[in-house]
Amino acid sequence: MTWICPVCQAECSAPWICPSCGFDRSCDCEQYGTLTAPPPAGGKPVSALAAAWRQKQMPDALTCPGCGGVTFYYSLSRKEHVCTNCRTVVPLNQDQRAVARSEPPSPPVAKTLIVPRQCATIACGTNHMAAVKADGTVVAKATSIVRASGQFDVLGWSEIVSVAVGYRHTVGLRRDGTVVAVGSNSHGQCAITDWKGIVAIAAGDNHTVGLRSDGTVVATGKNSSGQCNTTEWKPIIAIAAGNSHTVGLRPDGTVVSAGEYDKCNVYLWEKIVALAAGNRHTIGLRSDGTVVAAGDNGSGQCDVIAWRDIVAVAAGEYHTVGLKSDGTVVAVGKSDFNQCNVLAWRDIVAVAAGRYHTVGLQRDGMVVIAGRKGSGQHDLPGWWGIALPETQT
């Protein structure tokens, strides 16, 4: 049985979705099929004609179970509709019609997930950086003029396998799954003493995030944009934190986000294996070595579409860094202090990015830096014998 699309007037044989323009006759939809052009925040019906047609022909069609809205984005590859108003995800059933209230999706089968420990042995924040040494101790250093708030007080730390750095605080993951933190606690970003079973950490400007081995996520600190609203996330296998947003990677390669939406419009991403979050942008590394980006691109920090053979990514305040499989490094974005001057780097195994600087860890355990403190291999007292990521897992 065929039907005539009210939007483009094409004759359609598919049950619900017009193959010519993407109109879904079970709801008012706009399809955004590319990762580089995500939908804007707050959608609109396809047309007044389509809306009128829907209400007349299909009065019992899909409405959002979250807010009652009738306007959706959809993704055939993800088999879901997403409400443009409240972002509720509504799955599709087998005939590609959105499942209405009377047809709730079956609950997922519970599976036991054990997330392996993830070790970032170098980390950069707005104005300082930190690194884990091979013996489990930590070094920290300012990268620009910054008010000391205790963020450098890491000399007593031991058994550390990973570090994260925020605006004026430093976080360490111990081998036993507990967490330590020093520095400013003005928003409770260092209130992590009761965390247990943590396998990965991330730090935004004024919040801290922890990933547990069971795939759940904890967060503490400033929550003015909802960046700490992660308690419902599960299962998650990796995390990243920006200025005022948090992103989590699901086992199926899709991404969930919390916080300022314009920085983390990532719900269409697929086949992601790693994440990075900057001040106002988010970076995703795909399984094929390509990279996607969302958020502010005012300094070109999201111009990563041409990157290939990438194995790790990092996001600074206004720049993005990629580590290639051959140990070389690429960078795009703001480079007012030469923080993107990394083309000469070789034999790099890990990268990190801050506000005005980029840091690379060489396979010999030495550190190179580009940006406000100059470029090349620096005379950083104690910054030798830095642990390689693979030795800390």
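Select, from Leu285, Leu275, the only residue that is closer than 21 Å to Ile114 by Cα, part of a strand (DSSP E or B) and at pLDDT 95 or above.
Among Leu285, Leu275, only Leu275 is closer than 21 Å to Ile114 by Cα, part of a strand (DSSP E or B) and at pLDDT 95 or above.
Residues being out of contact with any Leu (no Cβ under 8 Å at 6 or more places or on another chain), without any contact (Cβ under 8 Å) to a residue 24 or more places away in the chain and surrounded by fewer than 18 Cβ atoms within 10 Å (Cβ to Cβ): count how many of those fall in the range 319-345.
5
Kindly establish whether Arg168 is touching a residue at least 12 places away in the same chain (Cβ under 8 Å), crowded, with 20+ Cβ neighbours inside 10 Å and among the basic types (Lys, Arg). Talk me through it step by step, then tell me what you get.
Values: touching a residue at least 12 places away in the same chain (Cβ under 8 Å): yes; crowded, with 20+ Cβ neighbours inside 10 Å: yes; among the basic types (Lys, Arg): yes.
Yes: the conditions hold for Arg168.
Can you confirm whether Trp383 is over 21 Å from Gln118 (Cα atoms), in contact with a strand residue (DSSP E or B) (Cβ under 6 Å, 6 or more places away or on another chain) and modelled with pLDDT under 90?
Considered against the rule, which asks whether it is over 21 Å from Gln118 (Cα atoms), in contact with a strand residue (DSSP E or B) (Cβ under 6 Å, 6 or more places away or on another chain) and modelled with pLDDT under 90, Trp383 comes out as yes.
Taking the condition assigned to a loop (DSSP other than H, G, I, E, B), touching a helix residue (DSSP H, G or I) at 6+ places or on another chain (Cβ under 9 Å) and within 26 Å of His245 (Cα to Cα), does Asn297 pass?
Here the answer is no, as Asn297 does not meet what is asked.
Starting from residues that are out of contact with any Gly (no Cβ under 7 Å at 6 or more places or on another chain) and farther than 21 Å from Ala350 by Cα, keep the ones in the range 171-180 and report whichever is surrounded by the most Cβ atoms within 10 Å (Cβ to Cβ).
So, considering only residues that are out of contact with any Gly (no Cβ under 7 Å at 6 or more places or on another chain) and farther than 21 Å from Ala350 by Cα, the one surrounded by the most Cβ atoms within 10 Å (Cβ to Cβ) is Thr178.
Please indicate, with yes or no, whether at least one residue in the range 334-341 is within 25 Å of Asn127 (Cα to Cα), modelled with pLDDT of 95 or more, touching a strand residue (DSSP E or B) at 6+ places or on another chain (Cβ under 9 Å) and of a type outside the set (S, T, N, Q).
yes
Output the number of residues of the range 127-140 satisfying the condition of being open to solvent by 10 Å² or more (accessible area, probe 1.4 Å) and touching a Phe, Trp or Tyr at 6+ places or on another chain (Cβ under 7 Å).
3
Given the structure, is Ser186 hydroxyl-bearing (Ser, Thr, Tyr) and open to solvent by 20 Å² or more (accessible area, probe 1.4 Å)?
Spelling it out, Ser186 is indeed hydroxyl-bearing (Ser, Thr, Tyr) and open to solvent by 20 Å² or more (accessible area, probe 1.4 Å).
Would you please name the residue that is nearest to Ala294 (Cα to Cα), looking only at residues in the range 333-367 that are more than 25 Å from the chain's Cα centre (by Cα) and aromatic (Phe, Trp, Tyr)?
Taking the candidates together, the pick is Phe337.
Only residues that are open to solvent by 70 Å² or more (accessible area, probe 1.4 Å), among the aliphatic types (A, V, I, L, M) and either modelled with pLDDT under 80 or touching a helix residue (DSSP H, G or I) at 6+ places or on another chain (Cβ under 7 Å) (or both): list them for the range 141-155, please.
Ile145, Ala148
For Val247, indicate whether it is surrounded by fewer than 22 Cβ atoms within 10 Å (Cβ to Cβ), out of contact with any His (no Cβ under 9 Å at 6 or more places or on another chain) and assigned to a strand (DSSP E or B). Please lay out each step first, then the result.
On the way: surrounded by fewer than 22 Cβ atoms within 10 Å (Cβ to Cβ): no; out of contact with any His (no Cβ under 9 Å at 6 or more places or on another chain): yes; assigned to a strand (DSSP E or B): yes.
Criteria not met by Val247.
Can you pull out the residues in the range 218-243 that are open to solvent by 10 Å² or more (accessible area, probe 1.4 Å) and of a type in the set (S, T, N, Q)?
Thr220, Asn223, Ser224, Ser225, Asn229, Thr231, Asn243
The values are calculated or read from the model by the stated rules, or taken from the named source; none is laboratory data. As the structure is a computational prediction, the values presented were derived from the model and not from experiment. All Cβ positions, glycine included, derive from the backbone under ideal geometry; neighbour counts span all protein chains shown. Heavy atoms of the whole protein, side chains included, go into the accessibility calculation; ligands, DNA and RNA do not. Shrake-Rupley method; radii C 1.70, N 1.55, O 1.52, S 1.80 Å.
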